[in-house]
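Student: The structure is given below, and queries will be raised subsequently.
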Amino acid sequence: MVVLHGMLGSSRNWLSAGNELAAQWSVTALDLRNHGKSPHADIMNYEVMVEDVLGWMDRRGIDQIDLMGHSMGGKIAMALACRHPHRVRRLIVVDIAPKSYFSNGHRAEFVAMHELSLAELKSRGEAELKMEGRVPDWGMRKFITTNLERTESGGWRWAINLPTISVSLPELEKNPLAPEDRFGGDTLFILGGKSRYVKAADYEAIQIHFPAVTIETIAASGHNPHMETRAEFVRLVINHATENTE
């Protein structure tokens, strides 16, 4: 299983869930371009990120995978499965739909990150306080500041490629799928019942693009079920795989 994280996240967000899923799979969580420890690049869109994943597979001689993606990573996973269906045995999409998200974007978070004066910053805690006006959600501020890392001189820098992700945001908010895109393989969508990212009105589009889909909702979870309700999330993924193994 290959796992793709969401925007501003990294493979570290999947350590706990990944360790539990390792009871069923050999799990690799990747850092997407401009995130985590992966290289920074000036171009960032779904086409090149699909190629990044395929290139990673090819370099390791991996023909086919079970592919899981959360949020932005889910958009990459959907596009890869639809356009290269022979490379994906099973698709798992976490709390994202094949649609554009202009109104649900990360604009306030990006403004807050750009306003932060790293040269004067003393700690991550100080960064959280300074972003409070733009980002009122405590959990989101905590999540954003995981992208701050120490420099060799003891200062702070962004681990993410903030300029390129910011410029690319309008492209990343778009629907990654064309109307004709289809993946007929086994597909599981796991949604957070408290999340606003996927609504009942989106089910029709999901079923058109993924005719073999099962849609499950974890009522107690928000946008991050792999962290907020990890035990239930892992149970759903493993049970679905067990019940749908050829």
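Student: Give the residues of region 78-89 that are surrounded by 22 or more Cβ atoms within 10 Å (Cβ to Cβ), in contact (Cβ under 8 Å) with a residue 60 or more places away in the chain and closer than 11 Å to GLU47 by Cα, sorted by residue number.
Tutor: Hit for region 78-89 is ALA79, nothing else.
Student: Of the conditions (1) exposed (fewer than 12 other Cβ atoms within 10 Å of the Cβ); (2) more than 19 Å from the chain's Cα centre (by Cα), PHE102 satisfies every one except a single condition; which number is it?
Tutor: With (1) exposed (fewer than 12 other Cβ atoms within 10 Å of the Cβ); (2) more than 19 Å from the chain's Cα centre (by Cα) applied to PHE102, the lone miss is (2).
Student: May I pose another question? Cβ-Cβ below 6 Å, separation at least six or inter-chain, first residue in region 55-66 and acidic (Asp, Glu), second surrounded by 15 or more Cβ atoms within 10 Å (Cβ to Cβ) and outside any loop (DSSP other than H, G, I, E, B): which pairs?
Tutor: Here the result reads ASP66/ARG89; ASP66/ARG90, each pair linking region 55-66 to a residue that is surrounded by 15 or more Cβ atoms within 10 Å (Cβ to Cβ) and outside any loop (DSSP other than H, G, I, E, B).
Student: Please give the number of the condition ARG107 fails out of (1) open to solvent by 90 Å² or more (accessible area, probe 1.4 Å); (2) under 25 Å from VAL48 (Cα atoms); (3) in contact with a strand residue (DSSP E or B) (Cβ under 9 Å, 6 or more places away or on another chain).
Tutor: Checking ARG107 against (1) open to solvent by 90 Å² or more (accessible area, probe 1.4 Å); (2) under 25 Å from VAL48 (Cα atoms); (3) in contact with a strand residue (DSSP E or B) (Cβ under 9 Å, 6 or more places away or on another chain), the one that fails is (3).
Student: While we're on this one: Would you pick out the residues in region 105-130 that are closer than 20 Å to SER71 by Cβ and over 19 Å from the mean Cα position of the chain (by Cα)?
Tutor: Listed by number, the residues that qualify are VAL111, ALA112, MET113.
Matching residues to (1) closer than 18 Å to MET227 by Cα; (2) hydrophobic (A, V, I, L, M, F, W, C); (3) modelled with pLDDT of 95 or more; (4) touching a Cys at 6+ places or on another chain (Cβ under 7 Å):
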{"position": "SER16", "(1), (2), (3), (4)": "yes, no, yes, no"}
{"position": "LEU32", "(1), (2), (3), (4)": "no, yes, yes, no"}
{"position": "ILE65", "(1), (2), (3), (4)": "no, yes, yes, no"}
{"position": "ARG87", "(1), (2), (3), (4)": "no, no, yes, no"}
{"position": "ASP95", "(1), (2), (3), (4)": "yes, no, yes, no"}
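Student: May I ask you to list pairs of residues, at least six apart or on different chains, whose Cβ atoms are under 7 Å apart, with the first in region 90-119 being of a type in the set (D, E, K, R) and the second being in a loop (DSSP other than H, G, I, E, B)?
Tutor: ARG90/GLY185; ASP95/SER71; ASP95/SER195; ASP95/TYR197; ASP95/VAL198; ASP95/HIS223; LYS99/ASN175; GLU109/VAL135
Student: Within region 163-171, does at least one residue satisfy the condition of being in a loop (DSSP other than H, G, I, E, B) and open to solvent by 20 Å² or more (accessible area, probe 1.4 Å)?
Tutor: no
Student: Kindly indicate whether ARG150 is under 16 Å from the mean Cα position of the chain (by Cα) and either of a type outside the set (S, T, N, Q) or closer than 20 Å to GLU128 by Cα (or both).
Tutor: No.
Student: While we're looking at this one, here's another question. Mind telling me which of the residues ALA205, ALA231 ends up being in a helix (DSSP H, G or I), open to solvent by 10 Å² or more (accessible area, probe 1.4 Å), in contact with a Pro (Cβ under 8 Å, 6 or more places away or on another chain) and more than 30 Å from LEU121 (Cα to Cα)?
Tutor: Result of the check over ALA205, ALA231: ALA205.
Student: Kindly indicate the residue of region 62-77 that is more than 15 Å from LEU32 (Cα to Cα) and hydrophobic (A, V, I, L, M, F, W, C) and also surrounded by the fewest Cβ atoms within 10 Å (Cβ to Cβ) among those meeting that condition.
Tutor: Going through the qualifying residues, I end up with ILE62.
Student: Quick check on region 19-61: of everything there that is in a helix (DSSP H, G or I) and open to solvent by less than 30 Å² (accessible area, probe 1.4 Å), which residue is farthest from ILE190 (Cα to Cα)?
Tutor: By that ranking, first place goes to GLY55.
Student: For region 176-198, how many residues are open to solvent by 70 Å² or more (accessible area, probe 1.4 Å) and in contact (Cβ under 8 Å) with a residue 24 or more places away in the chain?
Tutor: 3
The values are calculated or read from the model by the stated rules, or taken from the named source; none is laboratory data. Being a predicted model, the structure only gives us computed values, none of them experimental. All Cβ positions, even for glycine, are placed from backbone atoms using ideal geometry, and neighbour counts span all protein chains on display. Please note that ligands, DNA and RNA were not included when accessible areas were found on the heavy atoms of the full protein model with its side chains. Shrake-Rupley method; radii C 1.70, N 1.55, O 1.52, S 1.80 Å.
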